[in-house]
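Following this message is one structure expressed as structure tokens.
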Amino acid sequence: MTIRKLTFSSLLGFTLVCAGAMLAQDIGSRYPAIGDALRHIHEASQKIDEAEQAHHGLGGHGKKAQELLEQANHELKEAAEYLDHEHH
């Protein structure tokens, strides 16, 4: 993986982590367990970025792991939205 790709990946990951942390806090105020899960997903994403940088890529596995974390993130947001509509 080139330095340019690693830098872009890191910046994208950082942006997602910051946005995710704010969203997790908002959702966490209503649904603490979901907020905790979202924070853990974002922490895992950061660790994957760190591993990719430290090892100059992970043979595509880091990218796949990031995609799966994004899917989990999306599902938890959908769950919070579902609960919002169910309780109102």
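Looking at 48, 34, which is the one that is surrounded by 14 or more Cβ atoms within 10 Å (Cβ to Cβ), modelled with pLDDT of 95 or more and more than 28 Å from residue 84 (Cα to Cα)?
Within the list 48, 34, the selection yields 48.
Out of segment 35-88, which residues are of a type in the set (Val, Ile, Thr) and over 9 Å from the mean Cα position of the chain (by Cα)?
Scanning segment 35-88 gives a single hit, 48.
The values are calculated or read from the model by the stated rules, or taken from the named source; none is laboratory data. Fair warning: this is a prediction, and the values are worked out from it, not measured in the lab. Backbone-built Cβ (ideal geometry, glycine too); neighbour counts: all protein chains shown.
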